[in-house]
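Inspection log for the structure reproduced underneath, given as C-alpha cells.
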Amino acid sequence: MKRLSCLVFILLASGAALAAPTIELSAGMHRIEAEVVSNAADRATGLMNRSSMPAHRGMLFVFPEAGVQCFWMKNTLIPLSIAFLDDAGRIAQIAEMQPQSLDNHCSARPVRFALEMNAGWFQRRGIAPGAKINGLDKAPPGR
C-alpha cells in the first residue's frame, strides 16, 4: 500500500495527473476530441507543460457566463490557435498564440467558450470566424 501511495504522489507531482474529461465536437466534417476544463483551477492550467497534442485533439474552456476572455501562453510549450465561441458555438475570432509568450489574446466581444487546437488547425481546414462548432451542448456548465 505504501508503494502505491508513493507512485500516486510521484505521478501527481510530475504533472502526469489524469487528463480532463473529453467530449466530441465538430467543425463541419472535422471531428474534434476536446478535453473540457470548466472550473477556474483547470482553466488556469489549460495545456501548460505539454510537449505535444494529437492533430484531432483540443481543449475546450467553458466559462460560467459570457465575458471578454483573455489567454496567454506562459508555461505552454506548443504553438496553439484559439477560437473564441459565443453561446451558439459560432466562432467570434481566431488568434494564433506562440509558446511561452506572455502576450494577451483576448476576445473582442463577450464569449462563453474558447477552443484551443494546434497552431494553424482552423486555417488549414478553411474554418474562419462565423463558422459553427457543434457539440457544445454536451459540455458541463462553467464554474
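Computed from the coordinates by the stated procedures, all read-outs in this text should not be read as laboratory data. Worth saying up front: this structure is predicted, and the values here are computed from it rather than measured. In this analysis, Cβ positions are derived from the backbone assuming ideal geometry, glycine residues included, and neighbour counts consider all displayed protein chains.
Give, to the nearest whole percent, the P(r) tail of the range 21-138 beyond 17 angstrom, counting all Cα pairs. All intermediate terms of the calculation are to be shown ahead of the outcome.
Working: 3401 of 6903 pairs.
In whole percent, the share of Cα-Cα pairs in the range 21-138 beyond 17 Å is 49.
Determine, for VAL111, VAL36, the number of other Cβ atoms within 10 Å of each Cβ, and report the residues in order from fewest to most. Write down the numbers at each step before the final one.
On the way: VAL111 23, VAL36 19.
The most exposed by this proxy come first: VAL36, VAL111.
For SER52 and ASP137 in the same chain, what is the full-extension length gain: residue separation times 0.36 nm, less their Cα-Cα distance, in nm? Show your work: numbers first, answer last.
On the way: separation 85, 0.36 × 85 = 30.60 nm, distance 2.74 nm.
Between SER52 and ASP137, full extension yields an extra 27.9 nm.
In deg cm²/dmol and to the nearest 500, what is the mean residue ellipticity at 222 nm of the chain if only DSSP H runs of at least 4 residues count, each as -39500 (n - 2.57), divided by the residue total?
Numbers: 3 runs with 22 residues, N = 143.
Only helices count here, giving -4000 deg cm²/dmol.
Give me MET29, MET48, MET97 ranked fewest to most by other Cβ atoms within 10 Å of their Cβ, as a rough exposure proxy.
Details: MET29 6, MET48 13, MET97 19.
So the ranking, lowest neighbour count to highest, is MET29, MET48, MET97.
Please report the relative contact order for the chain, taking Cα pairs under 8 Å with a sequence separation of at least 6, and give it as a percent rounded to a whole number. Write out the running numbers ahead of the final one.
Values: 296 pairs, mean separation 37.5, N = 143.
Relative contact order, the chain: 26 percent.
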